[in-house]
Amino acid sequence: MISSDVIRGYNDTIILYMLLDGESYGYEISKNIRRLSEDKYVMKETTLYSAFARLEKNGYISSLHKDGETGKRRTYYRITPDGLAYYRDKCREWQITQEVVDKFIKEA
Amino acid sequence: MDVLKTYLDSLFAAWPRTAQVDDLKREMLGTMEEKYEELKREGRSEHESIGIVISEFGSIDELMEELGIEPIGEEERLPALPENVAAGYEGFVRRSALLQGLGWMLVLLGLAAMMLIAGLNEQGALGSLSADSGYLLAAVALFLLVVPAVGLFIGSASGREAYRMLDEEFELSPGLKADLERKWAAFRPARSRSVIVAACLGVLSPVAVLIGALRGEGEIPYGAAIMLALLGLVAFLFAYYGGIHQGYQKLLQTGEFTPEKKAENRALQGISAIVWSIALVVYFISGFVYQRWDVNWAVFPVTAVLFGAIGGMYTMQCKSKGKA
């Protein structure tokens, strides 16, 4: 399990990635993050909803209310063009970060 | 899932209840419930599933900070309803509803007894009594039943002062709220049945008068007596079950007792005192000065209708203001 401190700067990136293939909602996103990370990372509920609020405020995602198949009202999120641009920036940033940090990692 | 809802309620209690926060809370509850259902489908126990969902919740402070929402200051918080006050009020409501129900039943039974004795008297079935003393006996029967009824009405209101805080806005602890909601839900089927029974009895009761009339004019008072006795039962059912129902609404601040409605009712109460005083003055002046006792009683129904219309308009105005 990864500590949330390390990954904090990339929560938004992870969520944007989950929206690249189309709209999704809270639980589905959280479930897919767990699955893709092979149970190594579970995003906390409040972290997820903080990220939604922040991303929406910055115009990176948009939300809409929909009635789910069980009749429950759900909020679906969709990535915006600004969000996509931001996602690409973050990917480049991570590549550089990874290159730099890698230089200081060795089997001790 | 009551446990998850109660958990969220307790976490959100320290934060202002805005539309945004309410939406967020509902959304998060939905997510937590879905997660819980899925864990259970994977074969985990109820306890384990709840434990996992709660452990993966995170920190509410982090979330509120992101949203820029400040916690409610201690002084702005509404007074919390103590558990013993809620329990006491529940007992008070049951007792007071019972007394009121019995009171209304006695009043109608009194009228029924009066009708019955007057009917017997007219048929000359009261033996050696003179007609006048027969009517007197009818009035005495009414009196004997109405006096204890008045006692019951007074008794039903005694002890109300202890629960004055319920007239203002207050806060319910999540546990107490869940507890009261459960009790209310358990009570509702009985109340629905009582409404159906009362409505049926109410609709059927005039049949007694019809049957009396078919058997001959002299029998009408007996039919009326039976109808009034049945209506006594109807009044009891409405007052008893309705009273308890309202008690739960008041404790849970729903229905007629939401914070907005409370403010509205306070305003309307002020207007109502003025309007009814005017009506009373008009009634007495038209009666004593103009001697129109034959028609002036119409002031009261007219006032009631007008007041109902004013109340309706006021409510609508409040609603449109709330929307804007």
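Only the coordinates and a few stated rules stand behind these numbers; no lab work does. What you are looking at is a predicted structure, and each value in this text was computed from that prediction instead of being measured. So basically every Cβ, Gly included, is an ideal-geometry build from the backbone, and we count neighbours across all protein chains shown.
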Practice prompt. Holding the Cα-Cα limit at 26 Å, pick out from A:Lys57/B:Lys262; A:Lys66/B:Lys177; A:Lys31/B:Lys177; A:Lys72/B:Lys262; B:Lys177/B:Lys261 the pairs that are longer than that.
Written response: A:Lys57/B:Lys262; A:Lys66/B:Lys177; A:Lys31/B:Lys177; A:Lys72/B:Lys262
Worksheet entry | Charge dipole (segment B:2-76, unit charges on Cβ, about Cα centre) - positive-most of B:Ser45, B:Pro16, B:Leu29 | B:Ser45
Item to complete: Normalising by the residue count of chain B, find the relative contact order in percent from Cα pairs under 8 Å and 6+ residues apart.
Response: 20
Response to the item:
For segment B:196-203, in residue order, the Karplus 3J(HN,Hα) values (coefficients 6.51, -1.76, 1.60; θ = phi - 60°; whole Hz; Gly and Pro = x) are 5, 4, 4, 5, 4, 4, x, 6
Item to complete: Evaluate the charge dipole of segment B:84-254 about its Cα centre and quote only its size in Debye, nearest 20, assuming +1 on the Cβ of each Lys and Arg and -1 on the Cβ of each Asp and Glu.
Response: 540
Practice prompt. About the Cα centre of the protein assembly as shown, how large is the charge dipole given +1 on each Lys and Arg Cβ and -1 on each Asp and Glu Cβ? Please answer in debye to the nearest 20.
Written response: 980
Discussion item. Suppose every Lys and Arg Cβ carries +1 and every Asp and Glu Cβ carries -1, with no other charges. What dipole size does segment B:11-121 come out with about its Cα centre, to the nearest 20 debye?
Written reply: 1200
Discussion item. For chain B, take the longest principal axis of its alpha carbons; what is the angle in degrees between that and the long axis of helix B:83-122, to the nearest 10 within 0 to 90?
Written reply: 20
Worksheet item: Put +1 on the Cβ of each Lys and Arg and -1 on the Cβ of each Asp and Glu in the protein assembly as shown; which of A:Met18, B:Met114, B:Pro174 then has its Cα farthest toward the positive end of the dipole?
Response: B:Met114
Worksheet item: Between A:Ser37 and B:Ala273, what FRET efficiency follows from the Cβ-Cβ distance if R0 is 51 Å, with the result rounded to 0.05?
Response: 0.15
Response to the item:
With a ≥ b ≥ c from the Cα gyration tensor eigenvalues, square-rooted, and the rule rounded for a/c under 1.5, otherwise prolate when a/b > b/c and oblate otherwise, segment B:84-254 is oblate
Response to the item:
Helix-only [θ] at 222 nm, chain A, -39500 (n - 2.57) per DSSP H run of 4+, per residue, nearest 500, equals -17000 deg cm²/dmol
Worksheet item: What length, rounded to one decimal in nm, is gained on full extension from B:Arg95 through to B:Glu161, with 0.36 nm per residue of separation minus their alpha-carbon distance?
Response: 22.3 nm
Worksheet item: How much FRET efficiency would the formula 1/(1 + (r/R0)^6) give for B:Ala80 and A:Arg54, where r is the Cβ-Cβ distance and R0 is 30 Å, rounded to 0.05?
Response: 0.35
Fill in: Lys/Arg +1, Asp/Glu -1 at C-beta; segment B:84-254 dipole; positive extreme among B:Phe143, B:Ser130, B:Gly232
B:Gly232
